Structure formats: C-alpha cells, structure tokens
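The values are calculated or read from the model by the stated rules, or taken from the named source; none is laboratory data. This structure is a prediction, so every number in the text was calculated from the model and none was measured. Note that each Cβ is placed from the backbone with ideal geometry, even for glycine, and that neighbours are counted across all protein chains shown. These area figures cover heavy atoms from the full protein model, side chains too; ligands, DNA and RNA do not enter into them. Shrake-Rupley method; radii C 1.70, N 1.55, O 1.52, S 1.80 Å.
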Amino acid sequence: MSSLIDKKTTGTVFSIQKYSVHDGPGIRTIVFLKGCPLRCKWCSNPESQAFKPELAYNRNKCLGLDKCVRCTEVCAIGAITEGEDGKIDIDRELCAQCLDCAEACPAGALITYGEEMTVDAALKRVEEDEMFYARSGGGLTLSGGEPFQQPEFATALLREARHRHLDTAVETCGVTDYDEMKKALPFVNTLMFDIKSMNPEKHKAYTGMSNERPLENLKRIREDFPSLQVRVRTPIIPGFNDTEEDVHEIIDFLSGLPGDKVEFEILEYHRMGQPKYENTGREYPLPLDLKLDTAVFGGLKKIVEAFNE
Ligand code: SF4
Ligand code: SF4
C-alpha cells in the first residue's frame, strides 16, 4: 500500500454511497462531506447542510413507547416525549444534539448524520469496489454539502485517492475559498460545478447567497486549469430558472470562459429528498405541488445539447 497513507487528517462524512452512475464517469462511490454555505430551496440532501453531526428521526421505524423506552431514558433534558400515535416526538428547540438517543435506539429510528472519518477509512470503503471502477472508468466522487468547505480533508482525500490510482471527481457549488480549492484541483480528474442562475438577486433568494463567488471561482479555475475536465450542472427549478432565457444566459457565460470548452448538463427538479426534511426537523422550502413541465425541460435539453455539440 501507499507510503502516503493518511490516518491523521479527519473530516465529517454523512454518507458513502456506492454504485452511482450519475456523479461522474463510470460506476462511482460517492463520499458525501457534511456542511454547506448555501440553503438551496430544492436541496435534496438537507442532512448535508449543517457542519456538525445531527440527529434524524424516522417515525415509521420507531417501535413505539409500549415496546421500547430507550431513547427517553437517555435523553437527560426531556426533549423526547410521547406522541399521539404512541411513538416519540422530539422537541427540536430543546434538543441539544448530544446524539445519545441515536446510540441507544435499537430500531434505527434515531440515527446520526455525520461521522468523523480519516482519509484512510474513507478510501478503504471506496476501494472495496475497485473492480467496478476498472471496468467502467469510475472511481471516487466527493460530494456534499460543499466538499471544499472541509478543505484540508477534501484535498487529503483527493491526493491520496490519486496516489492509489483512483479516478477522482468532485461535485461543488463553487461557494468556497478559491485558494483552498486551488490546492485540491491538481488531484481532480473531473470537476462538476453548479451554476444555478446568472441572476444574482434570484440566486440569493433561492440559495441564500449571491452567485458572484461561484462565477468568479469558475473563471479562475478556467484560467489556472484550462484543461481540467469541467462539467457545469444546473438543476432546473420551476419558477426559478426554467426559461430558455435562463439557460441561454448560462450558456453565454460558459462560452466566454477561457480554457477548453466546458460541458453543460441540466438536471430535472425532483422532490425525492423531502422525507429527509421531516426526519431532520426541517420544513420543505418549496410548495409541495411544484412540478417541472416535462415538455419545458425537454426544450431546455435541446438547447444544452446544441451547446455541447
Ligand atoms: S440528541 Fe436531543 S433528543 Fe437525543 S438524547 Fe440528545 S438532547 Fe435528547
Ligand atoms: S429508542 Fe428508537 S425505537 Fe425505541 S422509542 Fe426511541 S425512537 Fe422508538
């Protein structure tokens, strides 16, 4: 094994997902790093947003207080009470996120999102599927959250992965310190970079921050790493960025970038992350009946395909 094995640098990982075919070339294992500076209203990983580990509760899995009282016994501050259905309720205002109840729960109804891991431990999980990467051209994808918000860990993971001959990809929202990102990019094979909208006010209204930083960062990446494979991705959200004008504005920006031409991809809005909002005590920020018109999305895809030709 490598002489660079890193058993010291640690980061907070909230999930490791195998057999992904949508997050970079080939079959990949995604290591999700916790913490994000944005609060996109359509975020499908709300459990990624906070930087610290956090408690989640899946009511469907709770055995009911007539069969099990373990969590109520360990919660020293009384944040767990009996709900109308005989299962538990959590007072999120009171909860101190000590996570003791997740340790105690025998049913997996209470779980912790976020685990401290070393680079070596994370990569050992990734390496379990090496045979799939060899056949498919896949490898490791770092995602989040915003992976570059844990810059030391992200860079160490990518460096060590490359040293172990793993292909590397990163999914970033681009809202991060450029100098930190720059240290990691020499170890990245494919960078997937979100551009959500060219309109700074709309961007702020739907994500909590303006788009200036990500746009500036992408320009600088293109200047400093003109040959890096970059795939720009835009989630298409009804009422936010689902017009032809929105997509053309992004294409105009991409066309003016220095370096090799970047690829562009649009992603269809979905609400699959909604149960995780409930499980982590959050409200889903968008109307529940919001739908993206399939024909509209199809039209936008044609514009994107023409750009990629
Ligand atoms: S995480 Fe919250 S609910 Fe669970 S034991 Fe700690 S304070 Fe109580
Ligand atoms: S420990 Fe788990 S299964 Fe038992 S009452 Fe609490 S949430 Fe339900």
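Summary of computed values
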| item | result |
| --- | --- |
| Residue of 81, 29, 168 that the Gaussian network model of the chain assigns the largest fluctuation, springs spanning Cα pairs under 10 Å | 81 |
| Residue 73 accessible area, assembled protein chains, probe 1.4 Å, Å² | 140 Å² |
| Beta bridges per DSSP with both ends in the chain, % antiparallel, nearest 5 | 40 percent |
| Rounded accessible area per residue of the chain, 1.4 Å, Å² | 49 Å² |
| Candidate lysines - alpha carbon under 17 Å from residue 261, same-chain residues fewer than 8 apart omitted | 219 |
| Between region 149-168 and region 229-276, the Cα center-to-center distance that results, in Å | 26 Å |
| Calculated FRET efficiency for the pair residue 252/residue 293, C-beta based, R₀ 41 Å, to 0.05 | 0.95 |
| Rounded accessible area of residue 270 (nearest 10 Å², 1.4 Å probe) | 70 Å² |
| Stretch in the chain that is longest and holds no trypsin sites (Lys or Arg not before Pro) that DSSP places in a loop and that have at most 12 other beta carbons within 10 Å | 68-260 |
| Gyration tensor verdict on region 44-174 (Cα atoms; rounded if a/c is under 1.5, prolate if a/b is larger than b/c, oblate otherwise) | prolate |
| Accessible-area value, residue 75, 1.4 Å probe, nucleic acids and ligands omitted, Å² | 30 Å² |
| Virtual spin-label span in nm between residue 245 and residue 16, 7 Å along Cα→Cβ | 4.8 nm |
| Accessible-area ranking of 209, 272, largest first, probe 1.4 Å | 272, 209 |
| Residue of 228, 158, 140 that the Gaussian network model of the chain assigns the largest fluctuation, springs spanning Cα pairs under 10 Å | 228 |
| Estimated vicinal HN-Hα couplings, Hz - region 94-100 in sequence order (Karplus 6.51, -1.76, 1.60; Gly, Pro = x) | 7, 3, 9, 6, 6, 6, 4 |
| 15 Å Cα-Cα reach of residue 183 towards aspartates and glutamates, excluding residues that sit fewer than 8 places from it in its own chain | 152, 160, 223, 224 |
| Potential extension, residue 212-residue 103 segment - 0.36 nm per residue separation minus Cα distance | 35.1 nm |
| Reach of residue 34 by Cα under 12 Å, taken over aspartates and glutamates that are not fewer than 8 positions away in the same chain | 47, 54, 115, 116, 146 |
| The chain: relative contact order in percent, alpha carbon pairs under 8 Å with at least 6 residues between | 20 percent |
| Sparsely packed GluC sites (Glu not before Pro) within region 91-197, loop by DSSP, other Cβ within 10 Å at most 16 | 93, 128 |
| Distance cut-off 18 Å, percentage of C-alpha pairs in region 100-202 lying past it | 56 percent |
| Calculated from backbone phi, Karplus (6.51, -1.76, 1.60) coupling profile of region 187-198 in Hz, x at Gly/Pro | 9, 10, 7, 9, 10, 9, 10, 7, 10, 9, 6, 8 |
| Gyration tensor (alpha-carbon) shape descriptor, the chain, a/c threshold 1.5 | oblate |
| Computed over region 54-113, Cα set: Rg, Dmax in Å | 10.1, 27 |
